[in-house]
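Following: one structure in structure tokens, then a few remarks.
Nothing in this text is a laboratory measurement; each read-out follows from the coordinates by a stated rule. This is a predicted model, so every value here is computed, not measured. Virtual Cβ from ideal backbone geometry, glycine too; neighbours counted across all protein chains shown.
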Amino acid sequence: MPIISGGRECLKCGGSAQHVVKNGLRSGRQRYRCRLCGGSFTDTTGTSAHRIREDKRDKFYDAAVLMYAYEFDPVEAAEETGVALSTIYSWRKKIEADAELMRELTAHKQHLRLLLNLLEKATERGLLSSEERRQVLESPEFSQRPEQVLRWLLSGLAAIDRQIREMEDTSN
């Protein structure tokens with residue numbers, strides 16, 4: 001009996017996961033076949049990463065974040081990722097066609113802007129030294145997971161704000 005896929009539905013006919021079975025490997029990727037329509041696909045079929053080599057996929061997402069969250073132009077993104085400019089232009093079309101990826105990049109960009117504003121305000125109020133601010137900006141979490149840094153910063157600022165209020169209350 002063939003091995004059934006891990007919850008994949010057919011991308012061609014919409015057949016349920018019980019009709020989709022593993023169907024070998026192609027270029028190191030698991031292939032699936034639908035028993036209803038005979039359609040064949042991989043994990044990346046239907047995504048913006050479709051037909052992008054495994055070893056280039058991280059650079060693809062890095063380029064997407066650079067161009068749409070950090071507002072790099074394609075030339076800068078190509079230089080930063082070490083990918084040919086023609087490849088960046090090709091990837092840009094795929095990225096812009098993927099609505100879900102664009103929503104994620106927009107949210108990432110909003111988190112970054114909010115985080116930068118909070119860092120600036122915390123530094124202005126003296127709650128964060130310029131050295132601590134620099135450390136946050138240079139941390140890998142800042143560029144990769146700004147929403148986590150944002151939560152950490154908000155909780156830290158809330159704690160500091162509570163301490164200031166308590167000190168003011170005890171002095172009154």
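Could you calculate the contour length gain from T170 to Q30, that is, 0.36 nm times the residue separation minus the distance between their Cα atoms, to one decimal place in nm? Let's see the in-between values first.
Working: separation 140, 0.36 × 140 = 50.40 nm, distance 6.48 nm.
Residue separation times 0.36 nm, minus the Cα-Cα distance, leaves 43.9 nm.
For the pair A84 and R113, a Förster radius of 25 Å applied to the C-beta separation gives a FRET efficiency near 0.25, rounded to the nearest 0.05.
Straight-distance candidates among the lysines for linking to K94, with alpha-carbon spacing under 26 Å and chain neighbours fewer than 8 residues away dropped: K12, K56, K59, K109.
The loop-placed chymotrypsin sites (Phe, Trp or Tyr not before Pro) in the stretch 1-104, going by DSSP, that have at most 15 neighbouring Cβ atoms within 10 Å of their Cβ come out as Y70. The modelled label-to-label distance between C13 and E104, using points 7 Å beyond Cα along the C-beta direction, is 3.0 nm.
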